[in-house]
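Laboratory data are not the source of any read-out in this text; all were calculated from the coordinates shown. Treat the numbers as computed from the prediction; the structure is a model and nothing was measured. For neighbour counting, all protein chains shown are included, and Cβ atoms are generated from backbone atoms with ideal geometry for every residue, glycine included.
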Amino acid sequence: MNGHAAAIVLNDRALGALPKEPKFHHALNDDMLVDVLQRIALRLSYGPR
């Protein structure tokens, strides 16, 4: 899903770097996110073919 680019894997040692609560929480189909998700998909060359 990342266009064969390098990926990062987090394990238990990374838990301290993650927030306990999300700063942002919306469903992926929220109208507010459509623009953002479309731009990300284009940047990753991810979309319908």
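Determine the shape class of the chain: with a ≥ b ≥ c the square roots of the Cα gyration tensor eigenvalues, call it rounded for a/c under 1.5, and otherwise prolate if a/b is greater than b/c, oblate otherwise. Oblate shape, in that a/c is at least 1.5 and b/c is the bigger or equal ratio. Taking the charge dipole of the chain about its Cα centre, with +1 at Lys and Arg Cβ atoms and -1 at Asp and Glu Cβ atoms, the residue from LEU18, HIS4, LEU37 reaching farthest to the positive side is HIS4. Full extension of the chain segment joining LEU37 with VAL9 gains 7.9 nm, where the gain is 0.36 nm per residue of separation less the Cα-Cα distance. Calculated mean residue ellipticity, 222 nm, the chain: -6000 deg cm²/dmol, from DSSP H runs (n ≥ 4) at -39500 (n - 2.57) each, averaged per residue and rounded to 500. When each of the peptides 3-11, 37-45 is scored by how many other beta carbons lie within 10 Å of its residues on average, the order from highest to lowest is 37-45, 3-11.
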